[in-house]
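Here the structure is laid out as structure tokens; the discussion comes afterwards.
Just so it is clear, none of the values below were taken in a lab; they were calculated from the coordinates. Keep in mind the model is a prediction, meaning the values are calculated, not measured. Note that we place each Cβ from the backbone using ideal geometry, even for glycine, and neighbour counts take in every protein chain shown.
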Amino acid sequence: MKKCMVIGEIMGTCLISFDVHEDSRGSLIAVEQFKEIPFEIKRVYYMWGTDKGIVRGKHAHKDLQQVLICLNGSCKVSTSDGKTKTEYNLKNPKDGLLISGLVWREMYDFSQDAVLMVIASDHYNEDDYIRDYETFLELVRNS
Ligand code: TYD
């Protein structure tokens, strides 16, 4: 599991470890664009209620950058650049998985209480999706 070495690292896939403000009242994490999140934040979405056995994602993006944070529970994310496949186990809200560049991603093994939040660099745009794996591999070959 590659850790992001530099705050502001923009390409590839790596884990960002957020600072936690902890006191007797509990824990708090704040993330800001161009600080903990290395891009301008244009969209936030979250998913929950995904049963075990369900696989979400199964696509790549042409330009979009995203940070995935499992706010509650756990889930796994596999990423592939067409050559190397890596599995990330998101089980701590302190971890943000940065995915940028041409990366095929799948999310699975959601615990019953999992809430997965995604912070994205752009508005929803179906034209930015690559939903066919063969097309993805062809784009990788040509890039
Ligand atoms: P989908 O892309 O299938 O989710 P995932 O890849 O995470 O499994 O999206 C599910 C539905 O939600 C689909 O009808 C598109 C819609 N949607 C939006 O309207 N806006 C968004 O930002 C996202 C991510 C999805």
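Put simply, the amide H of residue 55, placed in the peptide plane, has no neighbours under 5 Å, leaving out anything fewer than 5 places away on its chain.
Computing FRET efficiency as 1/(1 + (r/R0)^6) for residue 72 and residue 128, where r is the C-beta to C-beta distance and R0 is 25 Å, gives about 0.35. Once the chain from residue 54 to residue 34 is taken as fully extended at 0.36 nm per residue, the excess over their C-alpha distance is 3.9 nm. The convex hull built on the alpha-carbon positions of the range 31-108 has an orientation-averaged projected area of 5.4 nm².
About its Cα centre, the dipole of the chain is roughly 320 debye, where the only charges are +1 on Lys and Arg Cβ and -1 on Asp and Glu Cβ. Using only the alpha-carbon atoms, how far is helix 133-142 inclined from the longest principal axis of the chain? Give it as 0 to 90 degrees, nearest 10. Between the helix axis and the principal axis of the chain, the angle is about 80 degrees. Could you point to the residue in 72, 99, 111 farthest towards the positive end of the chain's charge dipole, with +1 and -1 charges on the Cβ of Lys/Arg and Asp/Glu respectively? Of the listed residues, the answer is 111.
Place +1 on the Cβ of every Lys and Arg and -1 on the Cβ of every Asp and Glu in the chain, take the dipole about the Cα centre, and give the residue among 140, 15, 88 whose Cα lies farthest towards its positive end. My answer, from the dipole projection, is 88. Applying a DSSP loop filter and a limit of 16 other Cβ atoms within 10 Å to the GluC sites (Glu not before Pro) in the range 3-93 leaves 9, 32, 40. Distance between the pseudo-spin-label points of residue 143 and residue 45 (7 Å out from Cα toward the beta carbon): 2.0 nm. Look at the alpha carbon pairs under 8 Å that are at least 6 residues apart: their mean separation over the length of the chain gives a relative contact order of 31 percent. Of the peptides 124-137, 71-84, 103-116, the ranking by mean beta-carbon count within 10 Å, highest at the top, reads 103-116, 71-84, 124-137.
Taken over the Cα atoms of the chain, the convex hull encloses 113 Å³ per residue.
Think of it this way: in the chain, 70, 75 stand alone, with no other Cys Cβ under 4.7 Å. FRET efficiency for the residue 135 to residue 2 pair, using the beta carbon distance and R₀ = 30 Å, is estimated at 0.70.
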